[in-house]
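The values are calculated or read from the model by the stated rules, or taken from the named source; none is laboratory data. Bear in mind that the values here come from a model prediction, so they are computed numbers and not experimental data. Counting neighbours? That spans all protein chains shown, and the Cβs are built from the backbone with ideal geometry, glycine included. These accessible areas exclude ligands, DNA and RNA; they are computed on the full protein's heavy atoms, side chains included. Shrake-Rupley method; radii C 1.70, N 1.55, O 1.52, S 1.80 Å.
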Amino acid sequence: QVQLVESGGGLVQAGGSLCLSCAASGSTFSVADIGWYRQAPGKQRDLVAIISSAGRTTYANSVKGRFTISRDNAKNTVYLQMNSLKPEDTAVYSCWYFYRQYTYWGQGTQVTVSS
């Protein structure tokens, strides 16, 4: 069982920045794919960014050039640096962790971008 603890959400003005963190328990972090999804009110949950165990990154088109995902295997932590935030980035951001056939989710952290 993997526990995921997110932090770093909050309220920010449009154009501002936030950095989300997700710390994972256990010993499989370095060989897991990990990333972030988000869900806005009344909408489906969508992929934001993923970083594979090999370090390959995937981004949603809507965040390319603004968001950067990174991982620190020594700290079992994944980061999402979010710059040039827009009101449409407002959502609950959830950490996602995939190892073999197992998927784990964090509880989510709220990001609100005011105009």
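Observations, loosely collected:
- Among D33, D46, D89, the largest mean-square fluctuation in a Gaussian network model of the chain (Cα springs under 10 Å) belongs to D46.
- For the chain, pairs of C-alpha atoms spaced more than 16 angstrom apart make up 55 percent of the total.
- GNM on the chain, alpha-carbon springs under 10 angstrom: the most fluctuating residue among G16, G26, G42 is G42.
- When the charge dipole of the chain is built from unit charges on Cβ atoms (+1 for Lys and Arg, -1 for Asp and Glu) and taken about the Cα centre, the candidate among A60, G106, S94 whose Cα reaches farthest toward its positive end is A60.
- Exposure rank, largest accessible area first [C95, C19; 1.4 Å]: C19, C95
- Relative to the Cα centre, the charge distribution of region 31-83, modelled as +1 at Lys and Arg Cβ and -1 at Asp and Glu Cβ, gives a dipole magnitude of about 140 debye.
- Charge dipole of region 44-115 (Cα centre as origin; +1 on each Lys and Arg Cβ, -1 on each Asp and Glu Cβ, all else neutral): 200 debye, rounded to the nearest 20.
- Using a Förster distance of 41 Å, the FRET efficiency for A40-Q1 (Cβ separation, nearest 0.05): 0.90
- Cys with no candidate disulfide partner in the chain (beta-carbon separation under 4.7 Å rule): C19
- Each Lys or Arg adds one and each Asp or Glu takes one away; over the other residues whose Cβ falls under 15 Å from the Cβ of I51, this sums to +2.
- Over all other residues within a Cβ to Cβ distance under 12 Å of A23, the charged ones net out to 0, with Lys and Arg as +1 and Asp and Glu as -1.
- Among the protein heavy atoms, those of F98 account for about 70 Å² of accessible surface (1.4 Å probe, every chain in place).
- Listed residues W96, W36 arranged by accessible area, highest first, probe 1.4 Å: W96, W36
- Shape parameters for region 69-115, alpha-carbon atoms, Rg then Dmax in Å: 13.1, 41
- Net charge, A40 excluded, C-beta distance under 14 Å - Lys, Arg +1, Asp, Glu -1: +1
- Largest GNM mean-square fluctuation among S62, S17, S94, using the chain with Cα springs under 10 Å: S62.
- Contact order relative to length of region 1-93, as percent, for alpha carbon pairs under 8 angstrom and 6 or more apart: 33
- Accessible area (Å², per residue) of the chain, counting only protein heavy atoms and a probe of 1.4 Å: 53
- Here the chain exposes an accessible surface that is 47 percent carbon and sulfur, computed with a 1.4 Å probe and the other protein chains kept in place.
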